[in-house]
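Working notes for the structure below.
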Amino acid sequence: MKPENARGVPLKDEDLKTGKVLTTEWRVKADYAWDCGIAIGRYLDGLKEGKIMATRCRRCRRTVVPPRVFCEWCFKPMDEWVEVRDTGRVNTFSVSFYSWDMTPLEKPEVPAIVEIDGCSPGVGFMHLLGEVGDNLEEILRRVKVGMKVRAVWKPADQRTGAITDILYFKPEEE
Amino acid sequence: MAYQRVAIVGAGITKFVRRAQETGKELAAQASKMALDSCGMTMKDIESVSLGTAPDAFDGVHMKGEYLADGAGATRKPFMRSFVGGGSGVYAIIHGWYHVASGHFDTCLVVAEEKMSSTMPHPQAAFNTIYDQFTERPLGVNLLWIFALEMNRYMQVHKIPLETIAQVSVKNKLNGLDHPCHQEGITPGPHLTVKDVLESEVMVWPVYRLMVSPVSDGAAALVLASERVAKRMTDKPVWIEGVGWHLDTSYWTNRDLYYPRYVEYAARMAYRMAGITDPRKEIHVVEPYDPFAYKELHHLEGLLLADKGEAPRLLEKGVFNRDGELPSCPSGGLLGVGNPISAAGTMKVAEIFWQLRGEAGARQVARPVKRGLAQAWGDLMQVGTVVVLGR
């Protein structure tokens with residue numbers, strides 16, 4: 001038996017649409033509400049107040065976001081909380097032309113990892129960049145790895161204690 | 001260490017297709033049957049079953065392992081399912097290796113199956129649940145983001161031009177045309193060029209459409225046997241000489257994505273077990289995991305088969321071509337054959353099996369090969385799974 005003899009019947013989308021091949025459909029209904037836990041709960045509380053809170057492991061000498069209550073390196077408790085700055089540097093970025101469900105976007109989004117000032121080197125989180133242009137050429141001209149950025153917050157009365165309380169990060173003068 | 005030597009004695013595969021008429025169980029059964037037939041065994045000879053399959057959400061079937069078990073010949077047999085996202089296809093073989101190496105069994109059927117077409121219209125929503133539910137998903141993520149971020153980091157650190165990454169797509173997609181099971185339509189034609197890749201749609205820059213492996217249905221299977229059984233059955237056993245696996249933190253934005261350290265640790269583990277001290281000389285053919293074009297280069301560096309940042313230059317020199325010094329993805333890989341997640345990893349091991357036996361037909365590499373490596377990768381830029389095979 002060789003791969004030349006492999007089986008498997010390829011179908012086309014029309015085969016399903018025209019009923020040539022029968023399908024059974026099912027729509028999943030699954031709503032979740034996650035308890036945020038101790039570390040992320042406090043992190044989200046901080047965001048509501050316009051602050052980015054990090055935790056620190058004294059033993060590993062490491063300050064991290066998103067915060068956690070145990071150090072995954074040495075497994076000691078991480079119970080020292082520090083407020084870090086809402087500025088940082090772009091570690092890497094991309095330019096997305098598709099939404100979460102793969103619908104094409106009219107205006108591209110710019111996801112990035114931002115290394116947060118006040119955290120250990122190389123430590124950051126994923127967010128979006130804004131005020132960097134509407135098309136690929138302009139975005140690639142204006143966004144550089146290593147560039148300084150600052151968080152743009154929602155107005156205080158609209159914050160809900162979510163990562164989206166930061167609208168995006170925008171370029172900051174050096 | 002005191003364990004039985006384990007050989008691969010048979011391999012089976014289905015066609016990789018965008019949407020298969022067969023159910024997951026039926027695909028698993030087809031690949032399993034072919035693997036058994038290829039070494040003259042029947043299900044009666046199989047003492048244990050190791051199954052690899054990715055998230056249940058793709059099939060919309062909870063406890064998919066148990067659901068698929070009948071199709072994998074596991075009824076009334078010792079059965080285990082293992083799962084590390086995209087790494088599952090090689091993880092399942094490591095798992096199967098344990099079954100036999102431990103002395104518990106003399107044979108193990110390893111089956112990997114994926115049916116990604118069941119989520120309509122696209123499995124994207126299932127993929128998105130890999131991201132952190134508190135700090136990442138609310139941003140409106142899609143799966144391509146994480147790859148685009150890693151690819152850009154890798155390109156920036158080593159100053160790699162897009163043209164070089166596109167060359168991986170060309171190599172693998174053209175290689176894939178020689179694989180009888182390749183998914184139709186994923187290679188635009190036999191004259192594909194770097195220019196074509198860079199003229200394909202930008203999905204999430206720097207990822208272009210032709211740098212992404214497709215959504216696929218398919219299955220693959222391998223028969224593992226102890227030395228005692230293998231030697232009775234075939235004069236061309238392919239030995240599992242080394243296995244390795246490693247997991248990094250899920251805090252993926254806290255580490256530098258330019259280098260897959262977890263792949264290096266998995267590779268070092270496998271090399272140590274195989275007694276390999278100079279992998280660049282001792283590995284003759286390699287199937288690194290290539291769900292995205294840059295990933296092949298990234299993984300070749302993690303596997304210590306190139307220095308950090310050197311893989312792009314070796315690619316440009318033709319080292320990784322089928323007639324090169326270190327043929328890489330001679331099967332066509334995920335970009336050229338298709339990507340039914342766990343089945344794609346097992347397909348890579350099957351390819352090394354066929355290459356080492358000289359049975360790869362049009363895909364057979366030019367240089368003589370005695371030892372090869374297959375690797376898979378998965379989760380949040382997190383897991384490396386490696387097997388070293390030798391004859």
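Just so you know, all these numbers are worked out from the coordinates, no wet-lab data involved. Because the structure is predicted, anything quoted here is derived from the model rather than measured. Here the Cβ positions follow ideal geometry from the backbone for every residue, glycine too, while neighbour counts run over all protein chains shown.
Percent antiparallel among DSSP beta bridges with both residues in the stretch A:41-174, to the nearest 5?
95
Given a Förster radius of 41 Å and the C-beta distance between B:Asp56 and A:Lys17 as r, what FRET efficiency does 1/(1 + (r/R0)^6) yield to the nearest 0.05?
With R0 = 41 Å, the Cβ-Cβ based efficiency is 0.95.
What number in nm² do you get for the stretch B:89-226 if you take the convex hull of its Cα atoms and divide its surface by four? Mind dumping the intermediate values first?
Details: hull surface 47.7 nm².
The orientation-averaged projected area of the Cα hull of the stretch B:89-226 comes to 11.9 nm².
With each pseudo-label sitting 7 Å past Cα toward Cβ, what's the B:Thr249-B:Arg367 distance in nm, one decimal?
3.8
Please state the charge dipole magnitude for the stretch B:266-359, taken about the Cα centre, from unit charges on C-beta atoms (+1 on K and R, -1 on D and E), reported in debye and rounded to the nearest 20. Please report the intermediate quantities before stating the final value.
Details: 11 positive and 13 negative charges, 40 e Å.
Roughly 200 debye for the stretch B:266-359.
Starting from the eigenvalues of the Cα gyration tensor, five times each then square-rooted, give me the equivalent ellipsoid semi-axes of the stretch A:37-171, largest first, whole Å.
Square roots of five times the eigenvalues give 28, 17, 13 Å.
Please arrange A:Arg150, B:Arg232, B:Arg322 by how many other C-beta atoms lie within 10 Å of their C-beta, fewest to most.
Lowest count first: B:Arg232, A:Arg150, B:Arg322.
Taking every eigenvalue of the Cα gyration tensor of chain B, multiplying by 5 and rooting it, what semi-axes result, largest first, whole Å?
Working through the eigenvalues yields semi-axes of 30, 24, 20 Å.
Got a sec? Charge dipole of the stretch B:229-338, +1 on Cβ for Lys and Arg, -1 for Asp and Glu; which of B:Thr234, B:Ser250, B:Ala267 is way out at the positive end?
Positive-most Cα among the choices belongs to B:Thr234.
What number, rounded to the nearest 500 deg cm²/dmol, is the helix-based mean residue ellipticity at 222 nm of chain A, given -39500 (n - 2.57) per DSSP H run of at least four residues and division by all its residues? Could you put the intermediate results ahead of the total?
Values: 3 runs with 24 residues, N = 174.
Value at 222 nm, helices only, nearest 500: -3500 deg cm²/dmol.
Determine Rg/Rh for the stretch B:190-347; Rg is computed over alpha-carbon atoms and Rh is the Kirkwood hydrodynamic estimate from the same atoms.
Rounded to two decimals, Rg over Rh is 0.99.
Report the percentage of all Cα-Cα pairs in the protein assembly as shown whose separation exceeds 36 Å, rounded to a whole percent.
On the way: 55120 of 159330 pairs.
For the protein assembly as shown, the fraction of Cα-Cα distances above 36 Å is 35 percent.
By what distance, in whole Å, do the Cα atoms of the stretch A:122-174 stretch along each of the three principal axes, largest value first?
35, 28, 19
Can you tell me what the convex hull of the Cα atoms of the stretch A:1-95 projects to on average, as an area in nm²? Working shown, then result.
Details: hull surface 58.2 nm².
That works out to 14.6 nm².
Can you give the log10 of the normalised intensity I(q)/I(0) at q = 0.21, 0.28 Å⁻¹, computed with Debye over equal Cα scatterers of the stretch B:126-185?
Log10 I(q)/I(0), no solvent term: -0.89, -1.03.
Taking 51 Å as R0, compute the FRET efficiency from the Cβ-Cβ separation of B:Arg272 and A:Gln158 and round it to 0.05.
Efficiency, from the Cβ-Cβ distance: 0.35.
Starting from the Cα of B:Arg76, step 7 Å along the direction of its Cβ; do the same at B:Lys236; then give the gap between the two resulting points in nm.
Rounded to a tenth, the inter-label distance reads 3.5 nm.
Determine the relative contact order of chain B: mean sequence separation of Cα pairs under 8 Å and six or more apart, normalised by residue count, in whole percent.
Relative contact order here is 26 percent.
Could you list, in their original order, any pairs among B:Lys236/B:Lys370; A:Lys2/B:Lys370; B:Lys25/B:Lys115 whose Cα atoms are separated by more than 19 Å?
A:Lys2/B:Lys370
If we count other beta carbons within 10 Å of each Cβ, what is the order of A:Cys71, B:Cys39, fewest first?
Going from least to most buried by this count: A:Cys71, B:Cys39.
If you filter the stretch B:124-228 for trypsin sites (Lys or Arg not before Pro), then keep DSSP loop positions with at most 11 other Cβ within 10 Å, what is left? The partial results should precede the final answer.
Working: sites: B:Arg153, B:Lys159, B:Lys171, B:Lys173, B:Lys195, B:Arg209, B:Arg228; in loops: B:Lys159.
Passing sites in the stretch B:124-228 are B:Lys159.
Of all the C-alpha pairs in the stretch B:1-108, what % are more than 25 Å from each other? Show your work: numbers first, answer last.
Numbers: 1014 of 5778 pairs.
When every Cα pair of the stretch B:1-108 is considered, 18 percent fall beyond 25 Å.
For A:Lys170 and A:Val28, what does the FRET efficiency come to when R0 = 30 Å and r is the distance between their Cβ atoms, rounded to the nearest 0.05?
Result of the calculation: an efficiency of 0.20.
Where in chain B is the longest stretch that carries no GluC sites (Glu not before Pro) classed as loop by DSSP and with at most 12 other Cβ atoms within 10 Å?
The longest such stretch corresponds to B:202-391.
Rank the residues A:Phe169, A:Phe75 as a footprinting-exposure proxy: fewest other Cβ atoms within 10 Å of their Cβ go first.
With the fewest neighbours first, A:Phe169, A:Phe75 line up as A:Phe75, A:Phe169.
Return one quarter of the surface area of the convex hull spanned by the alpha-carbon atoms of the stretch B:284-364, equal to its mean projected area, in nm².
That works out to 4.9 nm².
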